[in-house]
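Notes for the one structure printed next.
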Amino acid sequence: MHSEFIVEMNQQNFQQILEGSMSTPVVVYFWAPMSQESADLVPQMQQLAQKYAGAFTLATLNCEQEQQIAGQFGIQALPTIALFNQGQAVDGLGGPQPIQAIEAMLQKHLPSQDELNLQQALTLISEQKHSEALALLSTLPEALQNKGEIKLAKADCLLATAQFTEAEALLAHIPLEYQDNYYKGLLAKLELHAQAANSPEIQALESQLASDESNAKIANELALQYHEVNRSDEALALLWSFIAKDLGALDGEMKKTFMDVLSALGQENATAKQYRRQLYSILY
């Protein structure tokens, strides 16, 4: 199996691999073809390395081919598993082991899957991949999601993906010790959106509609303006209030606007899903 997390150890690279444990833990797996039990476990060890996705490097050592290295380590049983961190052997197992026992040993020394997901999400945010980061952050357990730094990261993603109401709700409950420059920057983004989302044009249309509530043309224009400034939930609610009574309102133009907004929000948006169901219920 070829992977950036898996290497074959040999006389040429073993020193370099062990030095690599100064930055990333290294699990050395000593095995040999003559030991069926150790050979059978190699694919499972490789899968484990893939699962941990870079939390450790797996170095496999074929003791038949590399007898000198095996001798240097004093290997007496196969398989033998040695965990190196900061250049030192910190743990190990000798003899046949179920993969669960190996995982249990690793869990004592390596970050949990949740911690790995969090680190990956923060990396994605730094790469401006906010949708992917948000999906990962949402998989974290509630206890982690309630931490101030996670709330800030989520709010960042929500703002970047134009989910302003949800971002505002999160930012309203940030503990005082986390109200730093990052927090202030996110609040500033929210404020900029609020100003843009309540432009004089929108206020004028809202005023006109308030005095002529059945005017479909004004309602349609206001819904388009709402959608432009990411107030799509309000746009859909306004349009629905007309087309639920008359699907052909404004010669079908309102239905078209409604469908355009739904399409822009995508298949996974919860509000869009709800309105699609409502639309289908009157269409069919």
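The values are calculated or read from the model by the stated rules, or taken from the named source; none is laboratory data. Keep in mind it's a predicted model, so treat the numbers as computed, not measured. Every residue, glycine as well, gets a Cβ built from its backbone with ideal geometry; the counts of neighbours run over all protein chains shown. Note: areas computed on protein heavy atoms with side chains; ligands, DNA, RNA excluded. Shrake-Rupley method; radii C 1.70, N 1.55, O 1.52, S 1.80 Å.
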Compare 277, 231 by solvent-accessible area with a 1.4 Å probe and give them largest first, with all protein chains kept in place. 277, 231
Charged-residue dipole, Cβ positions (Lys, Arg, Asp, Glu), region 27-152 about Cα centre, Debye nearest 20: 240
Give me the lysines in straight-line cross-link reach of residue 217: C-alpha distance below 19 Å, same-chain residues under 8 apart excluded. 245, 255, 256
Debye-sum result for region 113-197 in log10 I(q)/I(0), which assumes one identical scatterer on each alpha carbon, at q = 0.14 Å⁻¹: -0.43
Rh by Kirkwood over Cα pairs, then Stokes-Einstein D for the chain at 0.890 mPa s and 25 °C, µm²/s: 104
Among all the aspartates and glutamates, which ones have a C-alpha under 15 Å from residue 108's C-alpha, if same-chain residues fewer than 8 places away are not counted? 91
Could you please report the charge total around residue 284, scoring K, R as +1 and D, E as -1 over all other residues with beta-carbon less than 14 angstrom from its beta-carbon? +2
Local charge sum around residue 102 (other residues, Cβ-Cβ under 14 Å, Lys/Arg +1, Asp/Glu -1)? -2
Counting only DSSP beta bridges with both residues in the chain, what percent are antiparallel, rounded to the nearest 5? 55
Cα centre as origin, Lys/Arg/Asp/Glu Cβ charges: region 200-283 dipole, Debye: 440
Once you have a ≥ b ≥ c as the square roots of the Cα gyration tensor eigenvalues for region 189-284, tell me rounded if a/c is under 1.5, and otherwise prolate or oblate according to whether a/b is larger than b/c. oblate
Relative contact order for region 104-243 using alpha-carbon pairs under 8 Å, separation at least 6, rounded to a whole percent? 14
Any idea which of 214, 248, 275 is furthest toward the positive side of the dipole for region 200-283, if Lys and Arg beta-carbons carry +1 and Asp and Glu beta-carbons -1? 275
For region 120-252, the Kirkwood Rh over every pair of distinct alpha carbons, in Å, works out to 16.8
Per residue accessible area in Å² of region 6-108, where ligands, DNA and RNA are left out and the probe is 1.4 Å: 50
Compute the signed sum of charges (Lys and Arg +1, Asp and Glu -1) over the other residues within less than 14 Å, Cβ to Cβ, of residue 28. -4
Pull out a ≥ b ≥ c, the square roots of the eigenvalues of the alpha-carbon gyration tensor of region 1-74, then state rounded if a/c is under 1.5, prolate if not and a/b is larger than b/c, and oblate in the remaining case. oblate
Restricting to Cα pairs under 8 Å and 6 or more apart, the percent relative contact order of the chain works out to 11
Mind listing the Cα extents of region 238-284 along all three principal axes, in Å, largest one first? 29, 19, 17
Evaluate the relative contact order of region 1-144 (contact order divided by residue number), counting alpha-carbon pairs under 8 angstrom at least 6 apart; express in whole percent. 25
